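Colleague: Before we start, here is the structure in question, set down as structure tokens.
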Amino acid sequence: MSFLIPKPMTRRAVLRGAVGGTSIGVALPFLDAFLNENGTALAATGAPLPLRFGTWYWGLGHTPGHAITPKTRTAAGIDFLEECKALKPHEQHLNYFGGFNMPLDGRSNYTHFSGWVASRTGSAPSSNSDIPAPTLDLLVADQIAKNTRFQTLDVTAAGIPRENYSARSTNSRAAAEASPEKLYQRIFGFEFADPNKADFRPDTRMVVRKSVLSAIGEERRALFRKLGNSDRARLDEYFTSIRQLENQLDVQMQKPAPNLACAIPAAPRRDGAEQNMPQGLEVDTVIANHRMMAQMVAMAVACNQTKIFNVVFSDNFSHMRRPGQTYTHHLLTHEETQDKELGYQPVAFWFNCRTMEGLATFIEAFKDIREGSGTLLDNVLIFAATETNYARVHSLDGVPVFTIGHAGGRIKTGLHVVGNGDPITRVGLTAMQIMGVPIDSWGTQSLRTSKTITEVLA
């Protein structure tokens, strides 16, 4: 591999420009010009490509017997059933952990709460609001994310900002970003006035419809002249993806025509007859939000704006609804009658299938970004988990967990790992050790473990 650039470019290279008098910068993805001849390390310093860590959360578990066929011992190959068939094309990039339990040591099972707290903090909560220890993403952040713009990037496609599963303690649970438009603005440094307000005035810091790419046009052209063909193609893909995101959000970023303007109604009351009114988002809206957010999070990671991210597809009381229906996913898990012939709840099952399709989309967002000699997925580890096994009975035995990504070659993939009733904290401990957190054990009481899952270590 040869470059037209006489000396290695620094990873900190940023293209700069101005929009509406406001200075902006667009960080670059990893180019060949940053890397050694093998595409495995930074040319300027010899340092390896950075590792990143993230979590992906979904609520309400799986449909027993219809997600992944159980195994009695750890082995290569994952038998994806109908509910998880969307993950099959990505088998070589993930692991499935089944048969791990969450012992509570006599504490109550605070439904839809104890599960996520135990798996992400290593400790069982003492109440339905107790978060007794930092979540694992923050322990990893303390190790690898000291010099990034965002220590963590927390987003939710489910529309409920408070349902974020990252916290230092009970009182430090930060809100997640629930708006794709605001997430875009946050990543690229823009803020927009509400275009639907009667007194709308364009933000003086930007020119309407003048994009980030337009603002850095001259620097972008100068950079292209310096790069080899491979880097030019990579940058073209990268900038095309930015433009596509801008186009996706364009309608929502502009003031609507007067006849299209919408009025924001008064907040509905939650008393009396309105107590049972429909809540939450339609599933197609959640999926659309999640797809845009997945692309933006992956791009933020590729641009070194963050090394830690937390993405919520659906919250632990999943408020998703089917179009035209009032029942939420959560209510259906408890109130839908099992089909006698099928042996399961068909609508709840449908929601679970759509959720796994969402996870597949998230994997694809990282897989589609080239980095070095591979993809962004090669240098990331994602901990994907839920709060229960079978939501109808709030089971905490055999709660499913996936790991996704190759963590710079530190983890084997394509494995079905069998826990045989061991505490689920073994998965979190192993993930943190892979990410370089210097701990030999993790958790409290029966959740405490020092047993690394050596089968997945490369």
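Bear in mind these aren't lab numbers, they're just calculated from the coordinates by the rules spelled out. Treat the numbers as computed from the prediction; the structure is a model and nothing was measured. For neighbour counting, all protein chains shown are included, and Cβ atoms are generated from backbone atoms with ideal geometry for every residue, glycine included.
Colleague: When ranked by the protection proxy of mean other Cβ atoms within 10 Å per residue, highest first, what sequence do the peptides 159-172, 426-439 form?
Modeller: Sorting 159-172, 426-439 by mean packing, highest first, produces 426-439, 159-172.
Colleague: Grab the Cα-Cα distance for residue 88 and residue 225, subtract it from 0.36 nm times how many residues apart they are, and report the gain in nm with one decimal. Kindly include the intermediate steps, with their values, before the conclusion.
Modeller: Working: separation 137, 0.36 × 137 = 49.32 nm, distance 4.13 nm.
Computed gain between residue 88 and residue 225 is 45.2 nm.
Colleague: Another question, if that's okay. Sort 452-458, 407-413 for me by packing, meaning the mean count of neighbouring Cβ atoms within 10 Å per residue, highest on top. Can you show the working numbers first?
Modeller: Details: 452-458: 15.1, 407-413: 18.0.
Packing order, densest peptide first, comes out as 407-413, 452-458.
Colleague: What do you get for Rg/Rh of the range 38-188 when both radii come from the Cα atoms and Rh is the Kirkwood radius?
Modeller: Details: Rg = 18.6 Å, Rh = 18.5 Å.
Checking Rg against Rh, the ratio lands at 1.00.
Colleague: At a temperature of 10 °C and a viscosity of 1.306 mPa s, determine how fast the range 309-411 diffuses translationally according to Stokes-Einstein, using the Kirkwood radius over alpha-carbon pairs as Rh; express D in µm²/s, rounded to the nearest whole number.
Modeller: Working: Rh = 15.7 Å.
Calculated translational D: 101 µm²/s.
Colleague: Output the relative contact order of the range 273-432, whole-number percent, from Cα pairs under 8 angstrom with separation of 6+ residues.
Modeller: Values: 164 pairs, mean separation 27.8, N = 160.
For the range 273-432, the relative contact order is 17 percent.
Colleague: Cα centroid distance between the range 54-101 and the range 410-458, in Å?
Modeller: 17 Å
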